[in-house]
Structure formats: structure tokens, C-alpha cells
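This report refers to the structure that appears directly beneath it.
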Amino acid sequence: MVSFILALIISLSVLVFLIMKLKINPFISLFLAALILGLISGMHLLDVIAVINNGFGSTLGNIGIPLILGAILAIGIIDLRAADVITAFFDKIFKGKRMELAPALSAFVISIPVFGDITNLLVAPIASRVAKLKNISMTTMVAFTGLGLILTHGLVPPTPGILATTLELEADLGFVIIYGLLTSFVAFFMTWFIFKKWTEKEFVAPLEKFSGVDDTGSKKHFPYILAFLPILIPIIFIGSSSVANTLLAEGTSLHNLMNILGDRVVALSSGVIMTCILAFLYKQNVYEAARREDKNIKKDTPFLQIIMESWVSRGLAVAILPLLVTAMSGAIAALISENEHVETIANSVAESNIPVILIPYLLAAILVATVGSITTAALTTAGILGPVLTLLGLSPEAATLAIGAGSLAVIHMNNSGFWIQLHLFNVNTKQGLKYITLPTFVASIIAIAFITLLHTINVI
């Protein structure tokens, strides 16, 4: 057992060193860390490679198509300029007051199917224009826009880490979405209430390139509900399927229909189809945005080619690194799960005085603090705990959500999204630690407290 713990510590230390110090690509770094973990654990080289192959392939098979569909959906949302419409909706809701909530809640919604880094690129210009117009500090904007983004990124599938963790632990995907959304909502507003005055004490102006007049004045706005539909349809389908499995008799026509619609591939495909329909209704928006993003698109480019070629190509380009990193994280999780000492370690932890719901949370928090990757932290934790959930007395849904909350606990300088937000929101490193790391940590605490409450009253 001691040798396995030592192997785990060494492999994770190597992973941090390769990514942080040597700046080696995360995929290669994860692969090398997996090899080191297996070899130090006493496995034969060929056995290590076999487990890595199986873990990588299994994870890729589970999340590959949903991730690619999510990336295509993201490109469609970008080209439709749906983020502007969603922000305008929240602007109307808040009647021009507490306007930091408009881009924050936009990020909260958009980040559900869209990768975090892309969501940053979508909402940062909007947040900057709102900040300029309403004289709001970018410290406030980065705190709450980043918070809205990261909560649903870490707690609500189909983003890569929480989706792969859900599947790894065989949790009900619909219930993870429903309770992940609820937990994210509670954590966001409680954290906003705690920090809303504090973030205003320091003023930082937005970047000039974002804070000017919107250069897409010719774009056509469309009804608010249409902007939300591509995002809401997959969530509704998957969530309804889980509810149907609980309430409806198995084998009935409605039960079978809801199961079909609730399949993650069918649900996300439905979101993509809705985005395509909107694209044909609002071609002007798509033509303008697509030509800026893809230099191969000309004025005479057939519209169908934009959807079937440009969207898919750009979506694949966006998806490939998250896809490979998530799959390789799954390989590390498989190596951990294969080790005979995992159950012994879990027994020792179970016999301690630590509340069981905190075990996945603390483990994910430690891993994200050291590794930096939310996905790697979540999947590594799932690999450790997956074989012993029954022993710990945790449901897969409770463990998945606790891991998700823990994977958000310590977002700092070894996280790529941290640096992207510093650049886009015009804050320095010290301000980033104050206005990104601290609010996210508090939100993580609130999230695990709420998850603990749900677990205590046997909701999850």
C-alpha cells in the first residue's frame, strides 16, 4: 500500500513538473505520468501500456461523440451571436441594475455545453462593454463571470470532466445534470451575495479592444427563447429521461421514447440540429461571424458549406485537445482502479472520522491544487474511489457531485483558464488570486455543503 501511495505521489509530482516547469503538452505529460505510475507500482511495461490503451479507449468511446457534438454546438452559438442575445435577456431581467450578473449568468448558461476557454472568449467582450457602459470594475466582472462559468463547467455535464466522471462512476447522467445545476445556482448566488461589495473596492478598467462599440451592429437579434434552445434542449431531454426512468413503468411507449431522447448523443445532436435551424433563419449573423472566424469563407460560399464543413472543422479543432486530455486522464484513472491496494486505502479512509461525502471532495481538491486540470483531478479521483463506492456508502450521484465541487476548490496559477481570464479581463496575477481563486474556493465550499445536505436527507 505504501509503495502505491508513493507511486501516486511521484507520478503526480512528475505531471506537475512537466506541465508547469517544462511546458510539455498536457496529453504527453499525462501519458508519461501514467507510465511512471504503472512502472513504480510494480507492473510490467507491456501490462502498463495495455491498461493505458484500454482506459484511454474506454473513456474516448464514452465521451468522444458527445464532446465533438458539444464543440460543433459551441461554434454554432458563436456564429449565431447567441451570447449577445442571452446577455440582453439578463440585462432586461435585472433592469440595468447589478449588471455584473448579465455576463455572469450568460457564462453560467453557455458553459454547460461549451468548453470553458471558449465561453471566456464569448463573454469577455460582453462583460467589458457592460463594464465600460455602467462604470463597473473588471475585478467585479472577472469574479462573477468567471464564477458562473466555472461552476457549470465543473458540476454540469456535458462538459468533459464531469461527463467523464459521471460515466466512470456509472451515475445517472440526468440526475447529475439536475442536481449539478441546482448546486451551481445556489453556490453562485450565495458567493455573489458574500463578495458583491468586496469586489468593487478596487477599480480596473476593461481592455480598450473590448470596451468600444460592438462592431457587429448589422447583426440581427432574435427572440430570447431561441438563443437558449440549443443549450436547453439537451439538458431537458437528458433530465427528462432520468425522471421518466423513476416515474414511468419500464417498457411503455413514453418510457422508451424518453430514453431515446435522453441518450447523450441524441440529446446533443438535437441541440446541434436546433442550432442549424436557427442558422438558416438568421443567415446574416452566421455569414458575418463565420467569415471573421474562417478566412476560407467568402461572400459566395454556399451556406450549407458553412454548417457542414466550417462548423465541423472548427469544432474538431476545438475539441481535439480536451478530448485527448480527458481520455488520457481516463487512462490514469484505469491504472489506479486496477491496483489491488486501492480497496485497502479506501478501507482505511472509511474507518477514519472523515464524513464520507467529504472524501471525494477533499481528494479532488488536493489533486486540482497540484495538477491544475479540473478534468484530470476529477477523473483521477473517480479512478481511486470507483471500486469502493459501495464500501464508503456513497451513491454514484453523490460521489460525482462531490468530486465536481472538489475539482473547483483551488483554481490558481497552474490552471490554463486562470491565465486566459487574466488576459481577457485585464487583471494582474495578484488580482487574479483575489478575484478568481478566492470566490471560486468559497463557492466550492458552499457547493459541498449543499451536496452534503442533499446526501444527508437522502435526495442523492
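Points to keep in mind about this one:
- Long-range neighbours under 8 Å by Cβ, at least six apart or interchain, first residue polar (S, T, N, Q) within region 24-44, second assigned to a loop (DSSP other than H, G, I, E, B): Ser41/Asn339
- The residue list Ile260, Ile231, Ile225, Ile236 contains one member that is open to solvent by less than 40 Å² (accessible area, probe 1.4 Å) and assigned to a helix (DSSP H, G or I), which is Ile231.
- Test result for Ser348, part of a loop (DSSP other than H, G, I, E, B) and at pLDDT below 75: no
- Restricting region 389-417 to residues that are at pLDDT 90 or above and more than 20 Å from the chain's Cα centre (by Cα), the residue that is most open to solvent (accessible area, probe 1.4 Å): Ser395
- Extreme residue, farthest from Ile307 (Cα to Cα), among residues of region 31-79 that are small (Gly, Ala, Ser) and under 16 Å from the mean Cα position of the chain (by Cα): Gly64
- Of Leu254, Leu247, all but one fail to be at pLDDT 90 or above, over 23 Å from Asn62 (Cα atoms), over 21 Å from the mean Cα position of the chain (by Cα) and open to solvent by 90 Å² or more (accessible area, probe 1.4 Å); the exception is Leu254.
- Selected residue (criterion: surrounded by the fewest Cβ atoms within 10 Å (Cβ to Cβ)) from residues of region 423-437 that are without any contact (Cβ under 8 Å) to a residue 12 or more places away in the chain and part of a helix (DSSP H, G or I): Lys430
- The single condition from (1) of a type outside the set (D, E, K, R); (2) farther than 30 Å from Thr381 by Cα; (3) modelled with pLDDT of 95 or more that Phe189 fails is (2).
- Yes/no for Asp79 being acidic (Asp, Glu) and open to solvent by less than 60 Å² (accessible area, probe 1.4 Å): yes
- Among the residues of region 418-460, those identified as farther than 23 Å from Phe175 by Cβ, more than 18 Å from the chain's Cα centre (by Cα) and among the polar types (S, T, N, Q) are Asn426, Asn428, Thr429, Gln431.
- The residues of region 374-388 that are out of contact with any His (no Cβ under 9 Å at 6 or more places or on another chain), at pLDDT 85 or above and not hydroxyl-bearing (Ser, Thr, Tyr), listed by number, are Ala377, Ala378, Leu379, Ala382, Leu385.
- Looking only at region 73-108, residues that are out of contact with any Lys or Arg (no Cβ under 7 Å at 6 or more places or on another chain) and on the phi > 0 side of the Ramachandran plot come to 3 in all.
- Test for Ile126: is it assigned to a helix (DSSP H, G or I), of a type in the set (A, V, I, L, M), within 21 Å of Thr376 (Cβ to Cβ) and open to solvent by less than 20 Å² (accessible area, probe 1.4 Å): no
- Tally, over region 13-36, of residues that are within 14 Å of Leu324 (Cα to Cα), open to solvent by 60 Å² or more (accessible area, probe 1.4 Å) and modelled with pLDDT under 85: 1
- Check on Leu362, of a type in the set (A, V, I, L, M, F, W, C), at pLDDT 85 or above and open to solvent by 10 Å² or more (accessible area, probe 1.4 Å): yes
- Close pairs (7 angstrom Cβ cut-off, 6 or more residues apart or separate chains): under 14 Å from Phe27 (Cα atoms) in region 54-66, of a type in the set (Ser, Thr, Tyr) and surrounded by fewer than 16 Cβ atoms within 10 Å (Cβ to Cβ) anywhere: none
- Extreme residue, surrounded by the most Cβ atoms within 10 Å (Cβ to Cβ), among residues of region 284-343 that are of a type in the set (Val, Ile, Thr) and more than 25 Å from Pro387 (Cβ to Cβ): Val286
- Considering only residues in region 302-345 that are assigned to a loop (DSSP other than H, G, I, E, B) and either of a type in the set (Lys, Arg) or at pLDDT below 85 (or both), the one that is nearest to His44 (Cα to Cα) turns out to be Asn339.
- Among the criteria (1) among the hydrophobic types (A, V, I, L, M, F, W, C); (2) closer than 17 Å to Trp192 by Cα; (3) outside any helix (DSSP H, G or I); (4) modelled with pLDDT under 90, the one Ile136 does not fulfil is (4).
- Condition met for Gly386 (small (Gly, Ala, Ser), open to solvent by less than 50 Å² (accessible area, probe 1.4 Å), closer than 28 Å to Ala131 by Cα and in a helix (DSSP H, G or I)): no
- For region 260-279, residues that are among the hydroxyl-bearing types (Ser, Thr, Tyr) and either in contact with a Ser or Thr (Cβ under 9 Å, 6 or more places away or on another chain) or within 21 Å of Val243 (Cβ to Cβ) (or both) total 2.
- Restricting attention to region 366-383 and to residues that are within 17 Å of Pro26 (Cβ to Cβ) and of a type in the set (Ser, Thr, Tyr), the residue that is most open to solvent (accessible area, probe 1.4 Å) turns out to be Thr370.
- Scan region 439-460 for residues that are in contact (Cβ under 8 Å) with a residue 40 or more places away in the chain and of a type in the set (A, V, I, L, M, F, W, C) and the total you get is 10.
The values are calculated or read from the model by the stated rules, or taken from the named source; none is laboratory data. Treat the numbers as computed from the prediction; the structure is a model and nothing was measured. All Cβ positions, even for glycine, are placed from backbone atoms using ideal geometry, and neighbour counts span all protein chains on display. Side chains are part of the model used for accessible areas, which takes the heavy atoms of the whole protein and leaves out ligands, DNA and RNA. Shrake-Rupley method; radii C 1.70, N 1.55, O 1.52, S 1.80 Å.
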